[in-house]
Amino acid sequence: MSAMNRLPIRRARARGASLIEVMIAVLVLAVGMLGMAALQAVTLKNSGSAAQRSTAIIQSYAMLDMMRANLDAARAGQYNQGWLCEAPGSGTRINNDISQWIGQLQAAMGETACGRITCGANECEVGVRWDDSRGSGGDPGEDIVTKTRL
């Protein structure tokens, strides 16, 4: 056989990709895109949870600032509250401060947010609890506690 007879056979074999190769490439691309979408969803959940943690810390510092403005009452333990999920009635300065804080806390973090205040002679601890089940941990009772000296 001459070289001229073999040339058309080589061209026939190298015409292009088969349908199965194209389908496999599309399948690999689809799996990769689904993976990227799942990664994006997890990232959004975690960034929302991190934003809520930052808000909880800001709100706890807001309560500490209110107590610094009324330092004698804070050191005397008059601000001390267990987990409080509803604003107390107003009337005294302390109740007004706590009521305003719980209102701001729930406005910023949702209706499930609760606050706790524990003060000693020189140190106060402010805790914030809320439903963080949308975050990646899925823990519904997330607590942030801020401690400071007065």
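The values are calculated or read from the model by the stated rules, or taken from the named source; none is laboratory data. Keep in mind that this is a model prediction, so the values were computed, not measured. Cβ: placed from backbone, ideal geometry, glycine included. Neighbour counts: every protein chain shown.
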(message) Against the conditions (1) farther than 23 Å from residue 150 by Cβ; (2) out of contact with any Cys (no Cβ under 8 Å at 6 or more places or on another chain), where does residue 94 fall short? Just the number, please.
(response) (1)
(message) Go through (1) surrounded by 15 or more Cβ atoms within 10 Å (Cβ to Cβ); (2) assigned to a loop (DSSP other than H, G, I, E, B) for residue 105 and report which single condition fails.
(response) (2)
(request) Go through the residues of the range 118-126 one by one and say whether even a single one is touching a helix residue (DSSP H, G or I) at 6+ places or on another chain (Cβ under 7 Å), of a type in the set (S, T, N, Q) and modelled with pLDDT of 90 or more. (result) no
(request) Please work out if residue 52 is modelled with pLDDT of 90 or more, under 23 Å from the mean Cα position of the chain (by Cα) and either part of a helix (DSSP H, G or I) or of a type in the set (Asp, Glu) (or both). (result) no
(request) For residues that are buried (at least 16 other Cβ atoms within 10 Å of the Cβ) and closer than 16 Å to residue 148 by Cα, tally how many sit in the range 116-135. (result) 9
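Scan the range 127-144 for residues that are under 24 Å from residue 76 (Cα atoms), of a type in the set (A, V, I, L, M, F, W, C) and modelled with pLDDT of 85 or more and jot them down.
First pass over the range 127-144, keeping only residues under 24 Å from residue 76 (Cα atoms): 127-128, 144.
Checking the rest, the ones that are also of a type in the set (A, V, I, L, M, F, W, C) come to 128, 144.
Scanning the range 127-144 gives a single hit, 128.
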(message) Looking at residue 96 and the list (1) of a type outside the set (A, V, I, L, M, F, W, C); (2) in a helix (DSSP H, G or I); (3) over 20 Å from the mean Cα position of the chain (by Cα); (4) closer than 23 Å to residue 122 by Cβ, which single condition is not satisfied?
(response) (4)
